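The values are calculated or read from the model by the stated rules, or taken from the named source; none is laboratory data. Everything quoted here is computed from the prediction, not taken from an experiment. Note that each Cβ is placed from the backbone with ideal geometry, even for glycine, and that neighbours are counted across all protein chains shown. The accessibility values were calculated without ligands, DNA or RNA, using every heavy atom of the protein model including side chains. Shrake-Rupley method; radii C 1.70, N 1.55, O 1.52, S 1.80 Å.
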Amino acid sequence: MVAKYRRQVRTGEIGVIQAEERGRDYISSKSDDEIFGIDPETGQPKNVLTELLTDLPAKGYGMIAQEAIKQEASKRFGLVLETKFKEQGAKAQARFPLNPGKAKSMLEEFTDELASKYEGEYKNKIVSFGEAYTSGINNTLLIRQANNQI
């Protein structure tokens, strides 16, 4: 008696991995300005995520790749946002090293200006990150000011 068996091959996960990799590659090919949503010609914000996702099916990107692109775009947006605030925070600390109130005002104005160009998810990220970052810089400068007075 010969026992017969079937060999099962799972290709589903490989397809998922390739689609996710393809999505990550697509986002990594975009510049920071494209991810952050500033139109280089007009200087005005645009909803990059909506534009990217609208064009993807026509370019052959499926649902898994689109989800990977959405996640990676959100991560990149956060990284670009962090870089922008670090640069502005350094300027505020250099300009007002012993005046936390003025540095805080400068960063709050920067946050408001940046957030005013966006709506929805982007705006919420900017406001929440800006508030947290401004608070951290303010605390650092308050400590520096107290140490200077001692």
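Considering only residues in segment 113-133 that are exposed (fewer than 15 other Cβ atoms within 10 Å of the Cβ), at pLDDT below 95 and of a type outside the set (Gly, Ala, Ser), the one that is farthest from residue 74 (Cα to Cα) turns out to be 113. Residues of segment 117-145 that are under 13 Å from residue 36 (Cα atoms) and either among the acidic types (Asp, Glu) or assigned to a helix (DSSP H, G or I) (or both): 119, 121, 122, 123, 125, 126.
In segment 67-81, the residues that are part of a helix (DSSP H, G or I) form Cβ pairs under 6 Å with partners that are open to solvent by 30 Å² or more (accessible area, probe 1.4 Å), at six or more places apart or across chains, as follows: 68/20; 68/24; 72/24; 80/32; 81/129.
Taken as a whole, the structure places residue 98 among residues that are touching a Lys or Arg at 6+ places or on another chain (Cβ under 9 Å) and either open to solvent by 60 Å² or more (accessible area, probe 1.4 Å) or in contact (Cβ under 8 Å) with a residue 60 or more places away in the chain (or both). Residue 8 fulfils the conditions (1) more than 23 Å from residue 83 (Cα to Cα); (2) surrounded by 17 or more Cβ atoms within 10 Å (Cβ to Cβ); (3) modelled with pLDDT under 75 except for a single criterion, (2). Of the listed requirements (1) of a type in the set (A, V, I, L, M); (2) more than 30 Å from residue 27 (Cβ to Cβ); (3) at pLDDT 90 or above; (4) exposed (fewer than 15 other Cβ atoms within 10 Å of the Cβ), residue 90 misses just one: (2).
Does residue 107 meet the test of being in a loop (DSSP other than H, G, I, E, B) and farther than 19 Å from residue 32 by Cβ? So that I can check it myself, show each step before the final result.
On the way: in a loop (DSSP other than H, G, I, E, B): no; farther than 19 Å from residue 32 by Cβ: yes.
Answer is no for this residue.
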